[in-house]
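Structure, as structure tokens:
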Amino acid sequence: MGGIVGAGKTPGVPVSDGIGRIAGFVNSYTYVEGDQTYLIDTGASGKATAIVRAFNEANVPLSRIGKMLLTHHHLDHMGGAAFLLDLTKAPISCHAEDAPFVDGRTKAPMPLLMRLFIRVHPAPVATVLNDGDQVGSLKVLHVPGHTPGEVVFYHAQRKILFSGDAVVERSGRLTLPAPRFAANLPQAVQSLSRLRALDVDLLLPGHGVPVSKDFDGLLDALIRRAPDEFLRESPD
Ligand SMILES: [Zn+2]
Ligand SMILES: [Zn+2]
């Protein structure tokens, strides 16, 4: 009954071998490699319970999480990190340029109104990631713009890309998150070409649904319309 004892399932809704998606406003992903389980993005603080539930349902102890990998410092992606750190003791990794926002040394730029409603839960960063680092089979690629330290995690052999907010899915298209959240929009648009150079069969974005068809075509379409959609000066 129910699989090999001790092996457990992959927490979340399966999207590929050893990869689970825990959906919500933000997607979190579990990625199992050998005896390591990685959690990619924790979601906002309120989402931590959904992650705990996904592990319970899969019968996988939370202590199996070996590392928490953050694509960037935004609260909807890292807000649950402090809570999950308490439960798992799994070290948190993010890019050097976003680390001060994650651990609270620097206050993230946030509209005043949002600051009134959202509580920030800083979390210590154990490992700082840099472009080209390897985390298991995942390669870290620095694609700044949305935040200064935005990274994606790329599995070259399996052609799988965890893209965070560097590129997201909406209604069957690829797009960028709302411009007001971008630290440097022209740079975010520029970073798309770096993603275009990758061979991708399965895109696992921070927002939207996984994309398993025509990554190149969809990304080309975004790159073509991005100057108009995201970089045009608003008339005054
Ligand atoms: Zn973001
Ligand atoms: Zn986001």
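The values are calculated or read from the model by the stated rules, or taken from the named source; none is laboratory data. Nothing here was measured: the structure is a model prediction, and the numbers come from that model. Cβ sites come from the backbone with ideal geometry, for glycine too, and all protein chains shown count toward neighbours.
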State whether the residues of the range 195-205 include one that is more than 15 Å from ligand 1 (Cβ to nearest atom), more than 21 Å from V135 (Cα to Cα) and either surrounded by fewer than 14 Cβ atoms within 10 Å (Cβ to Cβ) or modelled with pLDDT of 95 or more (or both). yes
Among the residues of the range 188-215, the number that are touching a strand residue (DSSP E or B) at 6+ places or on another chain (Cβ under 8 Å) and among the hydroxyl-bearing types (S, T, Y) is 1
In the range 149-168, residue surrounded by the fewest Cβ atoms within 10 Å (Cβ to Cβ) [restricted to those that are within 12 Å of ligand 1 (Cβ to nearest atom) and assigned to a loop (DSSP other than H, G, I, E, B)]: G149
Quick one: in the range 46-79, which of the residues that are out of contact with any helix residue (DSSP H, G or I) (no Cβ under 7 Å at 6 or more places or on another chain), among the small types (G, A, S) and free of Cβ contacts under 8 Å to residues at least 40 places away in the same chain is farthest from P124 (Cα to Cα)? A50
For the range 169-180, the count of residues that are surrounded by fewer than 23 Cβ atoms within 10 Å (Cβ to Cβ) and either in contact with a helix residue (DSSP H, G or I) (Cβ under 7 Å, 6 or more places away or on another chain) or not basic (K, R) (or both) equals 8
With the condition kept exactly as written, say whether any residue in the range 130-148 is surrounded by fewer than 18 Cβ atoms within 10 Å (Cβ to Cβ) and within 14 Å of ligand 1 (Cβ to nearest atom). no
Name the strands (runs of 3 or more DSSP E) wholly inside the range 9-94 in which the number of residues that are surrounded by 24 or more Cβ atoms within 10 Å (Cβ to Cβ) and within 16 Å of ligand 1 (Cβ to nearest atom) is 2 or more. 28-33
Here's a check for you: in the range 191-231, which residue that is touching an Asp or Glu at 6+ places or on another chain (Cβ under 6 Å) and in a loop (DSSP other than H, G, I, E, B) is nearest to N27 (Cα to Cα)? G206
